[in-house]
Amino acid sequence: MLLIFVVSKMLTIQVIRYGFLLLEDVASQDPLSVSVAILHQFNILPEMYQVGYTKLFFRTGQIGNLENTRNRTLHGVLRVQSCFRGYQARRHASERSRGVLALQSFIRAENARQSYSSLLRKHRAATLVQKNLRGWRARRYFIKIRKASVVIQSGIRGCLVRRCAGNVDLLNVLREFESKKEADGDQILIKASFLAELQRRILRAEATVREKDEENEMLHQRLQQYENRWLEYEQKMKAMEEMWQKQMRSLQSSLSVAKKSLALDETPRMSDSSVEQSWESNGNHVGGGSSQQLAAAPRITGREMNASMSVIGRLAEELEQRSQVFADDAKFLVEVKSGQADASLNPDVELRRLKQNFDSWKKDFGSRIRETKVILNKLASGGGGGGNESSPNSAKRKWWGRLNTSKFS
């Protein structure tokens, strides 16, 4: 039977490629023996290969089996190496992390010790400062209490001495008591709670005194503001009173001038009426109608004069009443502003309202005085032209028409 070997391998190449698959060390052996050992290890029958001088000849399929075995072995080696290297890396990382943690713990411990020592020094310094400050306050408070006690004791002793000035025995008893008290003064102890209570009382008293001082300062400022307002209000009231007095004087002077002009107009009219009456009694006029008109003219003039006098009298009376009312209102507002009278009203608003009322009344009163003056002037002009019959009648109609249309309060 003829065997055909189609695949050949160099002995050295086979040793290099598959030599690592042997379980024992064959580095000192020749390539042929190594190749045969490889074939025996993988149970390749002698019929499946043929050994030459430099080559091995295999039958079909044997090289594939060797390659599969080699690949599986290489994959296993790689897996083992990866596991081992991963283990080494993890161990190295864990060792490094432990070293880092140890180093960090050392550094943090050193920092904590330094910060604690600094904090401890600050705490000791603060305790020392507080102790000195509290001691200084306690000494100052004790000195203050001692001085106050000495003052009170001196006052009480002086009072007792003044009361018992004539009793010598009582003075001796007091001196003995004081000497014993001075001898035992070093042994007197004061409770800390009592001192703390006294200190709290003093602090409360000081706070109360400060509050009272602030309140007094605020009240003083308010009082100063009220005084300034009161001075301004008094100046305004004085200015208003002076203005009202000037206006009243001007109105009174206007009334007096009107009265004088009316009195001067009345005298010639009375003389004309007496002359006309004498003419009527003597019969100097020809017609009876003309004599009746001349007799009626003085009677109408007399009524007109009486009406004008009554109007002027009413104006004068109104002036006096209004002046008295405005003066009383201004005086009442001054009393309310100063607090002498109690009333639920605002003095400033009432003062403005009173001023408006006075201005409106002044305008109305001035217009009536001007109207009265115009009427008196017309009467005077009508009385002078006695020869004209139409002028007295027209003057009479104008006078009574103005009297009916004018308003009097």
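Throughout, read-outs are computed from the coordinates displayed, never taken from laboratory work. Everything quoted here is computed from the prediction, not taken from an experiment. Heads up, the Cβs are rebuilt from the backbone with ideal geometry, glycines too, and the neighbour counts pull from every protein chain shown.
Given the Cα-Cα distance of Arg370 and Val129 and 0.36 nm per residue of separation, how much length would full extension add, in nm? Spell out each step's value before the answer.
On the way: separation 241, 0.36 × 241 = 86.76 nm, distance 9.43 nm.
Length gained between Arg370 and Val129: 77.3 nm.
Under 17 Å from a point placed 7 Å out from the Cα of Ser105 along the Cα-to-Cβ direction: which residues of region 74-95 have their backbone N that close?
94-95
Where does each of Lys378, Lys212 land when they are ranked from fewest to most other beta-carbon atoms within 10 angstrom? Intermediate values should be presented prior to the final figure.
Details: Lys378 15, Lys212 10.
Taking fewest neighbouring Cβ atoms as first place, the list is Lys212, Lys378.
What order do you get for 142-154, 357-369 when each peptide is scored by the mean count of other beta carbon atoms within 10 Å, highest first?
357-369, 142-154
Compute the length gained on full extension between Leu78 and Met243: take 0.36 nm times their separation in residues and subtract their Cα-Cα distance, giving the result in nm to one decimal.
Contour length minus Cα-Cα distance gives 46.8 nm.
Which length gain, in nm to one decimal place, applies between Arg139 and Ser179 when the Cα-Cα distance is subtracted from 0.36 nm times their residue separation?
11.8 nm
Sticking with the crude label model, points 7 Å out along Cα→Cβ, report the distance from Glu215 to Tyr87 in nm, one decimal please.
With each label point 7 Å from Cα toward Cβ, the separation is 9.2 nm.
Using a Förster distance of 35 Å, how high is the FRET efficiency between Ser117 and Ser94, based on the Cβ-Cβ distance and rounded to 0.05?
E between Ser117 and Ser94, to the nearest 0.05, is 0.55.
Quick one: Karplus J couplings for region 228-239, per residue in order, coefficients 6.51, -1.76, 1.60, θ = phi - 60°, nearest Hz, x for Gly and Pro?
Whole-Hz 3J(HN,Hα) from phi for region 228-239: 5, 4, 5, 4, 4, 5, 5, 4, 4, 5, 5, 5.
Residue-wise, which Karplus ³J(HN,Hα) couplings in Hz belong to region 85-99, taking 6.51 cos²θ - 1.76 cosθ + 1.60, θ = phi - 60°, and x for glycine or proline?
Result, ordered by residue: 5, x, 4, 4, 5, 5, 5, 5, 5, 5, 5, 5, 5, 4, x Hz.
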